[in-house]
Amino acid sequence: MFNGRNLLVAGICLLVLAAVAAGAGRFASAGTAATAALVCAALAAFSSGRWKSLAFTIWVFAFACAALFFPAAFVSWRGFELKNLIVPLIQVIMFGMGTTLTFRDFERVVRIPVSVLIGFVLQYTIMPLGGWFYAAAFNLDGPVAAGLILIGSCPGGVSSNVITYIAGGNVALSVTMTACSTLMSPVMTPLGMKLLAGRYVPIEAEPMMLSIVYMILLPVLGGLFLGRYASGVTWRLRRWMPFVSMLSICIIIAVTIALSRDQLFVVGPALFAASVCHNATGFVLGYAGSRVLGLNRIDSRTVSIEVGMQNGGMATGLAFNVLGSAQAAMASAIFGPWSAVAGSALASFWRRRADRRHKPRCTLKSQPPLDAAPTIHKKP
């Protein structure tokens, strides 16, 4: 019988086997063992109530590991290039996101305009400028640098809503911010790329705008209207869409890594360091900026998560569909999984702090209860 503990032990044994195989020069065997170890870890996390939120991230690492060791399996099948699946898969993800939205999410902008506006401004200033800054700081160039700016110029990611829930943030604000930044992305994303990435690759704003409308906006609106006027169908879809979306993201990342595998070995360490710094900057400045502009702690945490977690699928689709470069998609393939890990850790930290803050303090045994009647001492 396989439970979480047995799966974890099996994963550790497979990881040791992978290290031994790699030391012996048997890299195919090492890749198989490492991928199997990550699969065991993902299943173990899924069966654990405490670590269940990390299961999806570990699945992403499992697909990425398989793509690194066996890239041919994610490049083409019988002459069909798997990169042609990226845009349809992103449309499926965005359609699923649309089914989770309601018109009330947009009405909320009128009720909390200041919070939404602050989040929107921080989203489209901190992250594009952060991508531009870290591309220069880590000496990235060409499509790789443009890809880092691209992931920064995209709207907030869908997973930010889940991370906000784990952190005890304002989920309604998070959903509204995601919806608004996504709807404005046909204007804001090409603008950020035109201003900041033009020195690295040629940027044509109009094709990028049309691609975002076709790839992002129309599927989101389709899911929104289906949820409004066909609630029965939407209820059935919502049961399967999380699984379909997670599988789609895993496939997109695996295809991206397989196509840019050789280049990834060259620029991977610098790009990873730049992505980590970029993500951390989004979290830190998103929170600090919100507090300076007057938001409370809960809303500031929400904005921080929304700013730090980007729509990696959209960045990947634009990298292939508009920039025509697998190298430009590498930043989103690295930034997305890392931001999920960092966001989950940050959310758990904030949740523990909130729990400790609301935990009742114990009183000394010698002290009477607060609601006890006062003792009256009579004079002898």
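The values are calculated or read from the model by the stated rules, or taken from the named source; none is laboratory data. Quick caveat: nothing in here was measured; it's all calculated off a predicted structure. Cβ: placed from backbone, ideal geometry, glycine included. Neighbour counts: every protein chain shown.
Could you check, for the range 70-81, whether at least one of its residues is crowded, with 17+ Cβ neighbours inside 10 Å, hydrophobic (A, V, I, L, M, F, W, C), assigned to a helix (DSSP H, G or I) and not assigned by TED's automatic domain parsing to the domain that holds residue 338?
yes
Let me confirm something: among 201, 213, 158, 187, which residue is surrounded by fewer than 24 Cβ atoms within 10 Å (Cβ to Cβ), within 17 Å of residue 116 (Cβ to Cβ) and among the aliphatic types (A, V, I, L, M)?
So the residue among 201, 213, 158, 187 that is surrounded by fewer than 24 Cβ atoms within 10 Å (Cβ to Cβ), within 17 Å of residue 116 (Cβ to Cβ) and among the aliphatic types (A, V, I, L, M) is 187.
Count, please, the residues in the range 113-155 that happen to be β-branched (Val, Ile, Thr) and buried (at least 18 other Cβ atoms within 10 Å of the Cβ).
6
Which members of the range 124-152 meet the condition of being among the polar types (S, T, N, Q) and in contact (Cβ under 8 Å) with a residue 60 or more places away in the chain?
Correct list: 139 only.
Mind telling me which of the residues 247, 259 ends up being of a type in the set (A, V, I, L, M), surrounded by fewer than 18 Cβ atoms within 10 Å (Cβ to Cβ) and either touching a residue at least 40 places away in the same chain (Cβ under 8 Å) or not assigned by TED's automatic domain parsing to the domain that holds residue 70 (or both)? Step through it out loud before you land on a result.
Values: 259 fails: surrounded by fewer than 18 Cβ atoms within 10 Å (Cβ to Cβ).
So the residue among 247, 259 that is of a type in the set (A, V, I, L, M), surrounded by fewer than 18 Cβ atoms within 10 Å (Cβ to Cβ) and either touching a residue at least 40 places away in the same chain (Cβ under 8 Å) or not assigned by TED's automatic domain parsing to the domain that holds residue 70 (or both) is 247.
Would the range 300-320 turn up any residue that is in a loop (DSSP other than H, G, I, E, B), within 25 Å of residue 59 (Cβ to Cβ), at pLDDT 85 or above and touching a Gly at 6+ places or on another chain (Cβ under 8 Å)? Working first, answer last.
So the first thing to find is which residues in the range 300-320 are in a loop (DSSP other than H, G, I, E, B), and the list is 309, 311.
If we keep only those that are within 25 Å of residue 59 (Cβ to Cβ) as well, we get 309, 311.
When the remaining residues are screened for being at pLDDT 85 or above, the result is 309, 311.
Going one step further and asking which of them are touching a Gly at 6+ places or on another chain (Cβ under 8 Å), we end up with 309, 311.
Checking the range 300-320: at least one residue is in a loop (DSSP other than H, G, I, E, B), within 25 Å of residue 59 (Cβ to Cβ), at pLDDT 85 or above and touching a Gly at 6+ places or on another chain (Cβ under 8 Å).
Specify the residue that is farthest from residue 51 (Cα to Cα); the eligible residues are those in the range 1-35 that are surrounded by fewer than 19 Cβ atoms within 10 Å (Cβ to Cβ) and among the polar types (S, T, N, Q).
By that ranking, first place goes to 29.
What helices (runs of 4 or more DSSP H) lie completely within the range 104-196 and have 2 or more residues being farther than 18 Å from residue 285 by Cα and touching a helix residue (DSSP H, G or I) at 6+ places or on another chain (Cβ under 6 Å)?
142-153, 159-167, 171-183, 185-196
Residues in the range 232-239: is at least one buried (at least 17 other Cβ atoms within 10 Å of the Cβ) and under 19 Å from the mean Cα position of the chain (by Cα)?
no
Would you be able to tell me the number of residues in the range 265-312 that are closer than 17 Å to residue 148 by Cβ and buried (at least 24 other Cβ atoms within 10 Å of the Cβ)?
12
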